[in-house]
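Scroll down for the structure; my scribbles are underneath it.
Each reported figure results from applying straightforward, stated rules to the coordinates on display, with no laboratory input. It should be emphasised that the depicted structure is a prediction, and the values quoted were computed from it without experimental measurement. Here the Cβ positions follow ideal geometry from the backbone for every residue, glycine too, while neighbour counts run over all protein chains shown.
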Amino acid sequence: MKTYRRILLKISGEALSSKNNSIDPQVTQKVSQIVSSVLAQNIEIGIVVGGGNIYRGAALQESGMNRVVGDHIGMLATVMNALALNDTFRRNGINSLVMSGFEIGGGVCQNFDHNQAKENLSNKQVLIFCAGTGNPCFTTDTGAVLRGIEIEADIIFKATKVDGVYTDDPIKNPKATKYTSLTFDEAIKNDLKIMDTAAFALCKEHNIDICVFSMLEDEDTLSKILQGQELGTIVRN
Ligand code: UDP
C-alpha cells in the first residue's frame, strides 16, 4: 500500500455551490470535516480551489469581455472561495492559511511562496491556494498540478461529481465503464476530459499521479483511499 506524507486536493468552485448558494456553508463544512480526517491520519494537505461557481474567464469572454480581464475576474472568484473555506476551517479549529498566486495585500491573504508553503505544511498548517497559477489563460487544474509540484506533494486528488474516470460520460451513457487506473497518454488519446492538456503535460513531465474521486457523496472516500482502498481512478505515467 502506498503511504502519503503530503497531498494536494483540487476542489472545483462548482463543488462548493448549491441551488441557492454560490458558496454553500454546508458544503464548506463538509470539506472541513474531510480535511480534519486527513489531518487525523497525520497527512499534510494543501488545497487548490477553483472559481467556476462564480466566474470563468471563457464565459465572460463569450459576452464580449477581454479574455485577460475575464481571467483576472475568474482568479478573484477563486480568492472568494478560498476565504470562505479558510473561515470555515478556522471556526472548526483547523490551523489554515490562504496563499494567493498574485499579490492581494491588505491582510486578506499571503502571497504564495514555495519555501514558506512547505514549512507551513510541515508544521501541520492546512494551506488553501487561490488565484490559480496567478496568470490568465490557465485553469485551476493546471494551478493545482503546479502547486502540487512546488509543495512536493506525493499525489494530486481531484474531487469531481463522479466517482472516477469513465470510458464515456456515465450520466449520458449508461454503458460507460470506470477505469481503476490509466495512463496520461491514454487519457489524452481518448480525449477523457479529466483535466486540461497543460495540467496533464505537467503531471507527465514531473511524474506526479492524479487520483480522480467523488468527494461529497461520501465524506469518508478520501480517507478510505488514503488508507489503501481502491476507490476512484488513478492516472499515472
Ligand atoms: N484562472 C486563470 N488562471 C489560472 C486559474 C484560473 O485565469 O491559473 C481563471 C479562469 O478564468 C478560470 C477561472 O479563473 O475560468 C476559474 O477557474 P476554473 O475555471 O479552473 O475553476 P473551476 O472549474 O475549478 O471551478
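Before moving on, here are some points about what is shown:
- The string of couplings for the range 36-53 from the Karplus curve (6.51, -1.76, 1.60, θ = phi - 60°) is 4, 6, 5, 4, 5, 8, 6, 10, 7, 9, x, 10, 10, 10, x, x, x, 6 Hz, one whole number per residue in order, with x for Gly and Pro.
- q = 0.08, 0.09, 0.11, 0.15 Å⁻¹: log10 I(q)/I(0) that the Debye formula gives for the chain, counting C-alpha atoms only: -0.27, -0.34, -0.52, -1.02
- Straight-line reach from Lys30: taking Cα to Cα under 30 Å and skipping same-chain neighbours fewer than 8 places apart, the lysines in range are Lys2, Lys10, Lys19, Lys118, Lys124, Lys158, Lys161, Lys172, Lys178, Lys193, Lys224.
- When the charge dipole of the chain is built from unit charges on Cβ atoms (+1 for Lys and Arg, -1 for Asp and Glu) and taken about the Cα centre, the candidate among Cys130, Ser22, Gly143 whose Cα reaches farthest toward its positive end is Ser22.
- Max mean-square fluctuation residue, GNM over the chain, Cα-Cα springs under 10 Å, options Glu14, Glu44, Glu103: Glu103
- Value of relative contact order over the range 75-202, rounded to a whole percent, pairs C-alpha under 8 Å and six or more apart: 19 percent
- Note that the range 191-237 shows a convex hull volume over its alpha carbon atoms of 89 Å³ per residue.
- If R0 is taken as 25 Å, the Cβ-Cβ distance between Asp191 and Glu152 corresponds to a FRET efficiency of 0.25.
- Centroid-to-centroid separation of the range 9-64 and the range 183-227 [C-alpha atoms, Å]: 17 Å
- Where a label projected 7 Å from the Cα of Gln41 along Cα→Cβ would reach, residues of the range 134-154 with amide N under 13 Å: 154
- Estimated at 0.36 nm per residue, the fully extended path between Lys172 and Arg236 surpasses their Cα-Cα distance by 20.4 nm.
- Every Cα-Cα pair in the range 19-83 was counted, and those over 13 Å apart are 68% of them.
- Relative contact order of the chain, taken over Cα pairs closer than 8 Å and 6 or more residues apart, is 22 percent.
- Set the Cα radius of gyration of the range 70-162 against 2.2 N^0.38 Å, with N its number of residues, and you get 1.05.
- Coarse-grained scattering of the range 137-218 at q = 0.16, 0.23 Å⁻¹, given as base-10 log I(q)/I(0) from a Debye sum over alpha-carbon atoms: -0.61, -1.19
- Least to most buried among Val165, Val68, Val35 (fewest other Cβ within 10 Å first): Val68, Val35, Val165
- Dipole magnitude (debye, nearest 20) for the chain, charges at Cβ of Lys, Arg, Asp, Glu: 240 debye
- Taking the helices alone, the chain has a mean residue ellipticity at 222 nm of -11500 deg cm²/dmol, built from -39,500 (n - 2.57) per DSSP H run of at least 4 residues and averaged over all its residues.
- When the charge dipole of the chain is built from unit charges on Cβ atoms (+1 for Lys and Arg, -1 for Asp and Glu) and taken about the Cα centre, the candidate among His72, Ile7, Leu222 whose Cα reaches farthest toward its positive end is Leu222.
- FRET efficiency for Glu62 and Cys137, using Cβ-Cβ distance with R0 set to 22 Å, rounded to 0.05: 0.90
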